[in-house]
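Everything on this sheet refers to the single structure shown next.
The values are calculated or read from the model by the stated rules, or taken from the named source; none is laboratory data. This structure is a prediction, so every number in the text was calculated from the model and none was measured. Here Cβ is always computed from backbone atoms with ideal geometry, including for glycine, and neighbour counts include all displayed protein chains. The accessibility values were calculated without ligands, DNA or RNA, using every heavy atom of the protein model including side chains. Shrake-Rupley method; radii C 1.70, N 1.55, O 1.52, S 1.80 Å.
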Amino acid sequence: MIYYKDGAKRMRPVLTREEYLRLRNGGEQRQLVERIRNGEDGLKAKLVQMNYSCLPNEDGSLKGSKCLSTTVGMDIDHLTKEEMPVVRQRILSKKDELGLLMMEESARGGGYHLVFRRRPELSQEENLKWASDLLEVEFDKGAKDITRVFFTTTEAELIYLDDEIFEIVAELQCCSSQDQTSDFKHQPSFDPEARYNGVLFTDIIAKYWELFNGGKEPTEGDRNVLTFELAMTIRSICGYSLEKLMQVIPNYWKTHPQPLSAQRGETKCSPEEEAEWRKTLENALKEPRKGMPYRLKQVLQALKSQQAVKACGGTLTTPPPMPKKLPPLIRLLTKNVPWFYKPAVANAVFPGLGAHLHGVKFRYWDNVEHEATFMNILIGRQSIGKGTIKKPIEYIMEDIRQRDQPNRQREADWKQKNPGAKQKKDPRPTDICIQMLIDNLTDAVFNQRIVDVNNNGERFIYTIVDEIEGLKKVTSKGTVDEVGLLIRKAFDNSDAGQERVGADSVSGIAPLRWNFNASTTPPNARKFFYKMVNDGTVSRLDISTIIRSDDDDDDTAPVLGIYDHTFAEELKPYIDRLDAANGLIECAQAKKLSLDMKQENKDAAKLYESEAYRVFSYRANVIAWLKGMVLYVAHGYKWSKEIADFVRWTEQYNLWCKMLYFGQQLEKELREEVEIQRQSGPQNLLELLPDEFTTSQYRQMRQQQGKSGDGDSTLRSWQSRGHIVYDEVSGRYCKTEAYKRRFASEK
C-alpha cells in the first residue's frame, strides 16, 4: 500500500485479506469510485494506491526502487464494452497458466488490473509481454515500470483474489533488507496467513467455532478442553506437528494484547500460561491417530460452499453490482428508490410485467417453448425496506386491476342471482376473467381463476403477499408442500385444476399461469423451502435480496421518489407493447446470449467445484433469458447492449442470492445423494443403536442380539460404506446424515 510522508510516496505491506478488503471498502473509497464512474476523473488520485511489482527502499520509499517482488502488476486499458466480458472470461480461463493472484476492474471502467506470479528469469517488461501474448491482449506500455502504482477500486470491482498474494508479500518482507522499517521485521510464532489447500487456517478455526461452539472462542474456564478438541480436530492437516499447531492455533490464554503485536498475530501472556497452552497442544498430539475427523470434514465443506458464492461475480458479503447503464424500462422503474434498493426492484417488477403477456411464447435455445413465468422472492432481514418494491408493482398492475373490477362485479351479481343450489338459473358468464388474486382462496376459486384466464386469451393470474407464508392461503390445503407443487407446475405451465362430478362443483383443467411476488426473512426462507431445495422448486424461483452497507443508517426509512401521473404516462408505452404482443416470439441475440451464459456457468461451476452452482444455473439461465425477452418486447422488439448487460447481471444476481441462502444445503444434499448411491442396504444392528454411540455401547448391543466376537470388522464395513464416521474428539461413532435420511425414507 502507498502512503505519503514528507511529501514522498512510501510503501508498507498489506499482509491479510481482511486488511486488504478493509482498505478497498472504506466509505470514502466507495464514494470516490462511484463519482469517477460518473465522469469525475480528477478524483482518481484520491483513491487508495497499491504497488504489486517492487519492494520499498531501505527507508520505505517507493521512488527509485530496484528490488523486484515475486509478483507483477499489469494494466490492461482501453477496452470497449463488448470486449470487457470476453477478455475477463479469457483471463479467468487461463488463470492457472498465468499464475493469476488478483484481478480487478479499473476505476474508470474499460480495463482491468492484474497481478500474477513473476517469472524470475524474465525482466519486468518481458513478464508483461509474456502475459500479453498468453492473454492475447495489449498491456498499457506506460505502466511497465516496477514502481508504477495502481489506483485501487472497491470490493465490488474485485473479480479474483488468491490469498497467495499475501503469502508472497509476507515472505519477501521477512527475507528482504534487514534495514527496512523495524515495525515489520519480527517473525511471529503465530502465522495468520498459514493455510491448508489454499484455505486460511484462521478461516478454518473461525468456522469450527461457528459450527461447534456457537461462534464463541475459548475463554477462561473452558479454554483447556476447547483448545484440546480444536487441536485434535485439525492436527491431521498440520502434519501432526507441534510447531505447525503453534503457528495456526491462537493462544487463548493471552492477556493485554498490544496493538502492533496483535496485528502481527503475537500474544502476550505469562510464562505459566504459555506453558499451559503448549502442553495442551502436546497432549492432543499424543492421542492415537485415526485419520481426518468428521468435524473437520464438515468445516472444510462449509467453507467450500461459501467460496462458491464468488462464482456469481460478487463476494461473500456483496452481490454482483448492477450495470451502470440500464434498459430504459428498468431505469424508469428503479429511478425512485435509493441505490441499495435498485437491484431488488429491478427483479421484483418482472412477475407483474410478465402478467401482461397473453398467448405469447418464447423459444429457448433447446427449442423448448416458455411463457413469461416469474415467481420472485425478496429475502431480507426485518425492517430493511422490502416494501420499496410495492409502488412500482402497483403502477405496473394498475391497468389489470382496473379490468378486474367490472369482472368481479359481474361475478358478484351472478352469485346473487344464482345462490347455492343444485340447479343454477343462469350459466356463469364464460368471459369473466380476473387476474389479480387475493391471498385467501379456496381450491374452487383458485381453479376457477386458472380456467377463466386460460379461456380468455391464455392470460396469467397474479398474487403479491407481504410474507411468503401467505402463499399457503391461495388454496384450501394451506400447506407448504402444496405451494411447492404449484411453483413447479407454474414454471413449466403444467396442467392444474380439479375434476368434480357434482353439477354445482367447479371443474376444469388448464395450464397453470401464475406469477407472484413474496417477501420474507432469511430464517423464514430457509425454513419454508427446507424440503424444496433439491427438488427443483427453489431453482425455479427468481430470488433477490436487500443488503445495506455498514456505513448506512439501517434505522432510517428510505426516501422514495414521487410516483404520480407523469410516472404512469412514462410507463404506459411499455405496458401497451406487452399487452399487444401475441404468438411465438424469437430473438437471435437473446438465444446466442443464453448459450454463451450456459457455457460460462459450466466453466464457473468447474472452476469453483460447486455442484450446487451447476444445478441452480440451469433454470437461472432460463429466467434471465425470459427477462431479456420481456424487455425485448417492451422496448418495441429492439435488442440492445443494455438489455444484454442486464440479462447477464440478473442471472448472476439470482444465482448469488440462491447460493447465499440455499447453496450450502444443496451442496450437502447433493453430496449425500452420491454417498447413498455407493451404499448397500442398512444393517439391522446399526438401526438399533443411537445416532451417536461408543464402542462399549456397540458391543453391548451385539451381545444382546446374540452376536459373537468383538465386531470390529462390522464397524469398519459401516465406515467404508458411509453409514457411520468416527469423531475422535468425542470418542464416539456418529451415523451420517445420508444414512439417516435413507433409513427414514425406507421406513
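Ranking Val368, Gln301, Val337 by Cα position along the charge dipole of the stretch 295-399, where only Lys, Arg, Asp and Glu carry charges on their C-beta atoms, puts Gln301 farthest toward the positive end.
Note on the stretch 426-479: Rg/Rh from C-alpha atoms, Kirkwood Rh, equals 1.01.
Label reach from Glu121 (point 7 Å along Cα→C-beta): in the stretch 94-108, amide nitrogens under 18 Å belong to 97-99. From the helices alone, meaning DSSP H stretches of at least four residues, give me the mean residue ellipticity at 222 nm for the chain, per-run term -39500 (n - 2.57), in deg cm²/dmol to the nearest 500. So the calculated ellipticity at 222 nm is -13500 deg cm²/dmol. With a Förster radius of 35 Å applied to the beta-carbon distance between Thr147 and Ser93, the computed FRET efficiency rounds to 0.70. Charge dipole (Cα centre; +1 on Lys/Arg Cβ, -1 on Asp/Glu Cβ; no other charges) of the chain amounts to roughly 1580 debye. How large is the convex hull of the C-alpha atoms of the chain per residue, in Å³? Per residue, the Cα convex hull of the chain comes to 211 Å³. Peptide packing: for 648-659, 402-413, the average count of neighbouring Cβ atoms within 10 Å per residue gives the ranking 648-659, 402-413, highest mean first.
A cut-off under 9 angstrom between Cβ atoms defines the neighbours of Met597, and their net charge, with Lys, Arg +1 and Asp, Glu -1, is -1.
At 7 Å along the Cα-to-beta-carbon direction for both Lys297 and Asp77, put a label point, then send me their distance in nm to one decimal. Spacing of the two 7 Å Cα→Cβ label points: 5.3 nm. Counted residue by residue at 0.36 nm each, then reduced by the alpha carbon distance between them, the extension gain from Asp140 to Val86 reaches 17.6 nm.
For the pair Leu584 and Gln409, the difference between a 0.36 nm per residue extended length and the Cα-Cα distance amounts to 59.6 nm.
What value does the stretch 595-654 have for Rg/Rh, both radii from Cα atoms and Rh as Kirkwood defines it?
Values: Rg = 12.5 Å, Rh = 12.0 Å.
That ratio equals 1.04.
Shown is the FRET efficiency for Asp691 and Asp366, computed with R0 = 56 Å from the Cβ-Cβ distance and rounded to the nearest 0.05: 0.80. When the alpha carbon gyration tensor of the stretch 558-623 is reduced to an equivalent ellipsoid, the three semi-axes, largest first, read 36, 21, 9 Å.
With R₀ fixed at 41 Å, the C-beta to C-beta distance from Asp59 to Ser132 puts the FRET efficiency at about 0.75. Taking only the C-alpha atoms of the stretch 1-52, Rg followed by Dmax gives 12.2, 33 Å.
Simple spin-label estimate for Met246 and Arg428 gives 8.1 nm between the two label positions (7 Å along the Cα-to-Cβ direction from each Cα). Calculated on C-alpha atoms, the gyration radius of the stretch 690-747 divided by its Kirkwood radius gives an Rg/Rh of 0.98.
Over all distinct Cα-Cα pairs of the stretch 49-128, the Kirkwood formula returns a hydrodynamic radius of 13.8 Å. Solvent-accessible area assigned to carbon and sulfur over the chain amounts to 49 percent, based on a 1.4 Å probe. Label-to-label distance for Asp535 and Asp603 is 3.7 nm, based on points extended 7 Å past Cα in the beta-carbon direction. Were the residues from Gln31 through Tyr563 laid out at 0.36 nm apart, the gain over their Cα-Cα distance would be 188.8 nm.
When only Cα pairs below 8 angstrom with a gap of at least 6 residues are kept, the chain shows a relative contact order of 11 percent.
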